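The values are calculated or read from the model by the stated rules, or taken from the named source; none is laboratory data. Because the structure is predicted, anything quoted here is derived from the model rather than measured. Because the Cβ atoms are built from the backbone with ideal geometry, glycine has one as well, and the counts that use them run over all protein chains shown.
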Amino acid sequence: MSHPVAALRLPLVSATPAEILHSVATFVSRLVKNLQHRREVRALAESDAYLLKDIGLTPSDVSAALDRPWGTDPSQHLLRVAAGRSRSAPSF
């Protein structure tokens with residue numbers, strides 16, 4: 001996922017007020033969503049390792065997600081990590 005500020009990269013000189021408003025609204029919406037997900041990932045950081053293992057994560061995965069820049073969605077990092085781990089896990 002790209003940085004949320006990228007949503008504001010319109011040629012503002014030729015943009016209509018509606019385009020500018022849409023761009024700002026998109027930026028704010030992504031930022032609010034990313035902050036909400038960051039709060040949820042912070043709550044995951046309080047979980048025991050065995051609970052995280054049940055969803056395919058480790059405490060260091062959660063820490064790495066929270067170390068990402070504040071404007072990015074840490075849950076996307078966790079999804080990629082868990083998906084990669086589940087693909088590489090042996091199937092029985």
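The table below lists the values:
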| quantity | calculated |
| --- | --- |
| Residues of region 64-81 satisfying the condition of being within 8 Å of the chain's Cα centre (by Cα) and either touching a residue at least 60 places away in the same chain (Cβ under 8 Å) or at positive phi (or both) | Thr72, Asp73, Gln76 |
| Arg85, sole failed condition from (1) part of a helix (DSSP H, G or I); (2) modelled with pLDDT of 90 or more; (3) surrounded by 11 or more Cβ atoms within 10 Å (Cβ to Cβ) | (2) |
| Criterion: in a helix (DSSP H, G or I) and either surrounded by 13 or more Cβ atoms within 10 Å (Cβ to Cβ) or at pLDDT below 95 (or both) - qualifying residue of Ala43, Ala6, Ala15 | Ala6 |
| Selection within region 48-63 - free of Cβ contacts under 8 Å to residues at least 12 places away in the same chain and in a loop (DSSP other than H, G, I, E, B) | Asp48, Thr58 |
